[in-house]
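Undergrad: First the structure, then my questions, so here it is.
The values are calculated or read from the model by the stated rules, or taken from the named source; none is laboratory data. The shown structure was predicted, so the numbers you read here are calculated from the model rather than taken from an experiment. So basically every Cβ, Gly included, is an ideal-geometry build from the backbone, and we count neighbours across all protein chains shown. For the accessible areas, the whole protein counts, side chains as well, though only heavy atoms, and no ligand, DNA or RNA atoms are used. Shrake-Rupley method; radii C 1.70, N 1.55, O 1.52, S 1.80 Å.
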Amino acid sequence: MTKRTYGQHCAIARALDRIGDRWTLLLVRELLIGPKRFKDLEAALPGIGANLLSARLKELKSTGIVRRIVLPPPASVPAYALTSVGLELEPVLLALVRWGERFLEAGSADDYVRAEWAVLVLRGIFRPEAAKGFSAVYEFRMGEEVVHVEIDDGQLSTGLGPARHPDVVLSGDLEHFLASAAGTLDMAQALAEGKVTLEGDPALLQHLGDVFPPRSERMK
């Protein structure tokens, strides 16, 4: 079967020939967070189906966006990762994070959500100018999922799992973190009511709000 093409001599059309199919950009989203096994991708994209997932991965490999790897020990199992070309899509997806936030409230209460998607959200909304001269490591325990961020003088790094030496650990249900990100729940209020717990220096929460402002503030 010949892959469909827009047949236009245009960079946007050529890009969409490669990443414009349904589910493709969401696959890239998952791999921007980190390498994943086939079953991890299937779990992160309910509704895609194994056959379609295989087809999309095959297309992305053929266009040089995705590659097969073997995860390091102790896993030592096959997985998928982005190539250098695929990694160049990060600013594209972060721009979509910022642009698409305005439509989040139009979704359904039954929409599927994963805490690890916060990694890309945090990269997308980070304000480096507000983090100059400031360094701290934050760990977020959102239900059963854990992500962490490290801020170092205007630079940001993110990852899945616990941080090695966090300055602040925030723990709570995912819904409370989502409400805080939207600006409908004040983090100080959530802490006072016990909806979120804190380990570490409470003063670092102010900096957190400066470098990652809530959606209600960003959408003004």
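Undergrad: Using the heavy atoms of the protein chains and a 1.4 angstrom probe, tell me the accessible area per residue for the range 84-182 in square angstrom.
TA: 56 Å²
Undergrad: Mind sorting out which of [x] 51, 38, 31; [y] 59, 45, 38; [z] 69, 45, 36 is the real Cα extents along the principal axes in Å computed from the coordinates?
TA: Only one option fits the structure, namely [y].
Undergrad: Ok, one more. With a cap of 13 neighbouring Cβ atoms within 10 Å, and only residues DSSP puts in a loop, list the GluC sites (Glu not before Pro) found in the range 132-196.
TA: Of the GluC sites (Glu not before Pro), the ones in loops of the range 132-196 whose Cβ has at most 13 other Cβ atoms within 10 Å are Glu144, Glu193.
Undergrad: Ordered by residue, what ³J(HN,Hα) values in Hz, to whole numbers, does the range 112-126 give under the Karplus form 6.51 cos²θ - 1.76 cosθ + 1.60, where θ = phi - 60° and Gly and Pro are x?
TA: Once θ is set to phi - 60°, the couplings for the range 112-126 become 6, 9, 10, 5, 5, 5, 4, 4, 6, 4, 5, 5, x, 9, 4 Hz.
Undergrad: Taking DSSP loops as anything outside H, G, I, E and B, show the longest stretch in the chain free of chymotrypsin sites (Phe, Trp or Tyr not before Pro) there with at most 14 other beta carbons within 10 Å.
TA: No qualifying site falls inside 7-111, the longest such stretch.
Undergrad: Could you list, in their original order, any pairs among Lys39/Lys61; Lys3/Lys58; Lys132/Lys220 whose Cα atoms are separated by more than 20 Å?
TA: Lys132/Lys220
Undergrad: Okay, moving on. Going by Cα centres, the range 76-141 and the range 26-56 are how many Å apart?
TA: Using only Cα atoms to place each centre, the spacing works out to 16 Å.
Undergrad: If you don't mind, another one. What residues of the range 35-79 lie in the reach of a label at Arg114, counting those whose backbone N is under 15 Å from a point 7 Å from the Cα along Cα→Cβ?
TA: Backbone N within reach: 35-50, 53-54, 57, 79.
Undergrad: Any idea what the relative contact order of the range 1-160 is, in percent, if you count C-alpha pairs under 8 Å spaced at least 6 apart?
TA: Normalised by residue count, the contact order of the range 1-160 is 16 percent.
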